[in-house]
1. If I fit a long axis through the Cα atoms of helix 412-428 and take the longest principal axis of the Cα atoms of the chain, what angle between them do I get, 0 to 90°, rounded to 10?
2. Quick one: 3J(HN,Hα) in Hz for the range 284-294, Karplus 6.51/-1.76/1.60 with θ = phi - 60°, rounded, Gly and Pro as x.
3. Amide H of Thr119 versus every other amide H placed in the peptide plane: which residues, excluding those fewer than 5 positions away on the same chain, fall under 5 Å?
4. If a paramagnetic tag sat 7 Å from the Cα of Thr37 along the Cα-Cβ line, which residues of the range 125-143 would have the backbone N under 16 Å from that point?
5. What residues have an amide H closer than 5 Å to that of Asp383, excluding those fewer than 5 places away on the same chain, when H is modeled at 1.01 Å from N in the peptide plane?
6. With both partners inside the chain, how many of the DSSP beta bridges are antiparallel, as a percent to the nearest 5?
7. Show which lysines lie in cross-link reach of Lys356 when reach means a straight Cα distance below 17 angstrom and same-chain residues fewer than eight apart are skipped.
8. Kindly rank 354-363, 107-116 from highest to lowest mean number of other beta carbons found within 10 Å of each residue.
Amino acid sequence: MTTLALDTPPITSGSRAAPPAERWTNRFADLGAAFFTELNPASLPSPSWGAISPTCAADLGWDADWLRDEATQALQVLSGNALWPGMRPLASVYSGHQFGQWAGQLGDGRALLLGELSTPHGGQEIQLKGAGLTPYSRMGDGRAVLRSTIREFLCSEAMHALGIPTTRALCFTASPQSVRRETMETAAVVTRVAPSFIRFGHFEHFSHHGHAAQLEGLLGFVIQHFYPECADAPQPALALLEAVSRRTARLLAQWQAVGFCHGVMNTDNMSILGLTIDYGPFGFLDAFDPQHICNHSDHQGRYAFARQPSVAFWNLHALAQALMPVAGGDVDALRTALEPYKTEFADAMTQALRDKLGLATARPDDSALADDLLRLLATDRVDYTIAMRALAGFSTASDADNSAVRDHFIDRLGFDAWAARYRLRLQSEGSVDGERAARMNRVNPKFVLRTHLAETAIRQAQAGDFGEVERLLKVLLRPFDEQPEAAPYAALPPDWARQLEVSCSS
Ligand code: AMP
Ligand code: MG
């Protein structure tokens, strides 16, 4: 492990040196020794760049050229082979419920927080995933394979571009180092970025062990830095629980609206900031199927697409339970603080569907109209992204056959009946076709990270060519733009995609 020399002047983006030490603030370390173990990342042999997200780099005040400049040592730092001055690497401890069962102590088993960088958007923690063994690695090897690293990298940035709260991914690096999973694979390291990686499981950990001072400290930390509006509440813990419930509800509505299936909604994979976190066996719906299970290891379908909103609510109950000792022990008050989840989710979901249908005003029947379309999509297993995008071309003219949408359905008469209601609803608010289409195209993405798109990029990367990762990233960073040259990325999945399975193995 080398720490870079400090004899270079402080830098701004574009200059040829490490970021100045004073840009690293590392507030998480203030929580105290009970929260983490300080250790250096394990070195990664012969690292090379996989890809860099230009938008994430820009948000940190960097750019890809600067990172690629050898003088910055970014390749070594972001692979775990060096540290920039001011970094203070640590692995944090947490616990959690996995698949509905208390799982006991977990923690950053292969992630390492390098430090927190001050940016114009506030403090951003920089975390390596796949950086080697930690005291919390349990049976794992501390590594992440190239395949899952590429999926996390692409999806983090794709979700951000979709406007969905998420941890970000600055870049990933790859190494020839072998990693054993079902077969031998190679190691990679993704650099994740978020204001905080604190999970529901952090609260559960200290609560379960009866560590009242730490639980109090964590509560104060999260409120002070991320929910200052809760500080003056009579019971800050209750105010926080309600605020987290609301944020989580809005996040879940966004997932459902875009057809995102997380795959492993354990409480240790739930962000206290309401961010999408820990991309594993996730998937975007191709054919619309509420029962879709994207995680091959989820035999019971606990985390099936349609169950996600209620699973999030279950997870919030686990958080409420954990907050009991710092919330005055009032079970009813905790329950009351969770309650807004239901209306917040329902309202956000209804509004998201209204936006997807291009409805500019709110009417009581809007949910029924949207649900009936979803039912038709589900019965005919219509491709969700393609159908919703095509709906922007819907014409309210009385002689329009709307075949560009209609032809996606097997039950054409069912669609016609729905279309007649939709037309009347649009006409009743004086909707103008072209203007509505433009609005709808800003909420119904043309491009999402379908499993087969990631798979194609992964196979080429495994053969040493990262070009497809770069091309795919570029498309996904503009999900709402037509990008006619990228039409194949918006097409139905090919037949070979049906065999693809994603599991917890990563
Ligand atoms: P996940 O469900 O993938 O978020 O992981 C659950 C827990 O297992 C977390 O505490 C991870 O840090 C840990 N973990 C997963 N894979 C590995 C690995 N290869 N080595 C060490 N820890 C791991
Ligand atoms: Mg996890």
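1. 90
2. For the range 284-294, the Karplus-derived couplings read 9, 4, 8, 5, 6, 8, x, 8, 4, 10, 8 Hz, x marking Gly and Pro.
3. Gln124
4. Answer for this model: 130-143.
5. When sequence neighbours closer than 5 places are left aside, the close amide H contacts are Phe288.
6. On the way: 40 of 44 bridges.
If we restrict to bridges inside the chain, about 90 percent are antiparallel.
7. Leaving aside lysines fewer than 8 places away in the same chain, those within reach of Lys356 are Lys446.
8. Details: 354-363: 17.1, 107-116: 23.6.
My ranking of the peptides, most packed first, is 107-116, 354-363.
Computed from the coordinates by the stated procedures, all read-outs in this text should not be read as laboratory data. Quick caveat, the model's predicted, so the values are computed rather than measured. Note that we place each Cβ from the backbone using ideal geometry, even for glycine, and neighbour counts take in every protein chain shown.
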